[in-house]
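Here the structure comes first, spelled out in structure tokens, and everything after it is commentary.
Just so it is clear, none of the values below were taken in a lab; they were calculated from the coordinates. The model shown is predicted, which means the values in this text are computed figures rather than measured ones. Ideal geometry is used to build each Cβ from the backbone, glycine not excepted, and the neighbour counts take in all protein chains shown.
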Amino acid sequence: MSDPHQPAWWTSAVVYQIYPRSFADGNGDGIGDLRGILAHLDYLQDLGVDVIWLSPVHESPQRDNGYDISNYRRIDRLFGTEEDFDELLGQLHVRGMKLVMDLVVNHTSSEHPVFQEARKSRDNPYRDYFWWRDARPGFEPGEPGAEPNNWGSHFGGPAWTYEPETGQYYLHLFTPHQPDLNWENPAVRHAVYETMRWWLDRGVDGFRMDVINFISKDLTLPDGLVTPGSIWGDGSPHFTNGPRIHEFLQEMRREVFSGRDGDFLTVGETPGATVEQALLYTDPYRAELDMVFQFEHVSLDQVGGRKWDYRPLSLPDLKTSWNRWQRGLADRGWNSLYLSNHDQPRHLSRFGDDAGFRYESATLWATLLHLQRGTPYVYQGEEIGMTNAGFTSIDQYRDVESLNFYAESTAQGMPAVEALEALRAMSRDNPRTPMQWTAGPNAGFTEGQPWIDVSPNHADINAETDRSADKSVFRYYQDLIRLRHTQDVVVLGDFHLEAPEHPHLFAYRRHLDETAWLVLANVSGDVLDVPLGLASDGPLILGNYAEPGDPAELRPWEVRALDVSA
Ligand code: NOJ
């Protein structure tokens, strides 16, 4: 791994996330696959990204689109063959790109052979690979309220499922098809490390670790607080950044990476991590993770952290949050920068104006993100300004979380229109509609029947059209990526927020030695007067309006990166 005294290679890298099911279908079955990705490598190379993070392609019953793995060393036939995978890896390497795999080891699939063994009897040698507990004292196993504790699962219902065959419950923080692995058991940890080494030996360049800060649980598994409107308790304080998490990650680093030559990348998905915790995870001297995905900025438009209870984003809140992360990880540790992924609504629809100012707001958010200090992540489709799905009927949804939310909330009396409105804004299917390659049938994604509806707006919004348009989001992303590759101030410069309270202006400075940049963004559809002291006619490095503007004014959704070096 990298030398903690030198800036690591990934400080100047940009990562592109592929959600394989929705990227490109090579065999006409309606589901994206590895051959589909292989057919678009020129596109990725042209964009200029350095690393591909591939969401899971391992063998899986696909209850949570691959985040439920039944064989960690096999490619699911849905996505292709072992040869397809090796070809993809080889082709990426030939083009100078790296491949980061998803590592889903907080839980397995309930169809994983080890879970199938474990569930057979209480004394099965694999029993202790998972979390089994008796019913709550005083309750009959299986009766309502008898779960070992009151935790709810992330996708609705309790976090425990009863198995009458052995008279115990098993823990699953996600669906019942995703039993949590017991990391207290050294055999579990060493099996994970062995699998990681196996993938590195195969040639992959690192891992994005799914909910990795959930792997260490409070062994007493205490009840969680029940918030108004909820039936289940919130167990998260008892499994998020748990008691042994740092020990486990340091052990993983030693067991998997020490002595191994190469440029690797590890990024942990860490919901609920604070800046202070992120510093512990990413301080290179502690040798845990290179960077983490934090969730603070994508929770600001949720009331009380409840995802379906959303409100408009307050820009000052976002500025405060990003500023805290920039400053908190300025001297040690490292930020990952993202606005979209396969779990979040498309940020263009969420925080921008995807109708009137689609190009301007897509490029504004990209600029604000990419010119911070950290490693930017591009989620497939954002580089051409793709929008939320715009689904109007529950039949169009596929995601387990969305379907469970709809069933539960309507059963509890929420009118269907309201539930549909919430899904339209926040569902994880929003970013999962097929990648829009062309204006042709199914957006050029598949020659078959797509597994999820293609957005009708592909007639206007697609890679082919965008790349040849005067206002091309793709070309703008190319420019941003080039800046990260070539400008040290972007990579290593310090960060200084301006006008923190301003409701519509997002302004910050970057400095490195003699170089000073000023980024000014008007996060609104109205003309904005630039406050005194920030107006500058310094040379424009990058902006999203072709015509030069008045230094004292920003046009709707205008962003400018200016060179203000003395
Ligand atoms: C986070 C992943 O990004 C999400 O898609 C998945 O459903 C959960 N973890 C469970 O693996």
Burial-style ranking of 88-98, 253-263, 21-31, average other-beta-carbon count within 10 Å with highest first, yields 21-31, 88-98, 253-263
Qualifying trypsin sites (Lys or Arg not before Pro) in the range 305-385, DSSP loop, other Cβ atoms within 10 Å at most 16: R332
Cβ-Cβ FRET estimate between A425 and D526, R0 fixed at 22 Å, reported to 0.05: 0.45
Just the Cα atoms of the range 151-239, one point each, no solvent: what log10 I(q)/I(0) does Debye give at q = 0.22 Å⁻¹? -1.16
In 10 Å bins starting at zero, report the fraction of Cα pairs in the range 201-245 per bin as a rounded %. 25, 34, 24, 11, 5
Using amide H atoms built 1.01 Å from N in the peptide plane, name the residues 5+ places from Q17, or on other chains, whose amide H lies under 5 Å from its own. W53, V378, Y379, Q380
In a Debye calculation with equal point scatterers on the alpha-carbon sites of the range 362-478 and no solvent, what is log10 I(q)/I(0) at q = 0.10, 0.14, 0.15 Å⁻¹? -0.38, -0.68, -0.76
The FRET efficiency for D123 and E247, from their Cβ-Cβ distance with R0 = 22 Å and rounded to 0.05, is 0.20
Go through 506-516, 10-20, 66-76 and give me the packing order, highest mean Cβ count within 10 Å leading. 10-20, 66-76, 506-516
So between D331 and L38, what do we pick up on full extension, going 0.36 nm a residue minus the alpha carbon distance? 101.6 nm
Which lysines, if any, have their Cα less than 30 Å from the Cα of K120, not counting same-chain residues under 8 positions apart? K217
Hydrodynamic radius by Kirkwood for the range 75-193, inverse mean 1/r across distinct Cα pairs, in Å, is 16.4 Å
Compute the Rg/Rh shape ratio of the range 454-499: radius of gyration over Kirkwood radius, all on alpha-carbon atoms. 1.20
R0 = 51 Å: FRET efficiency of V303 with D261, Cβ-based, nearest 0.05? 0.55
Counting sequence-distant residues (5 or more places) and residues on other chains, those with an amide H built under 5 Å from that of Q302 are R311
Kirkwood calc, the chain, C-alpha pairs only, radius in angstrom 24.6 Å
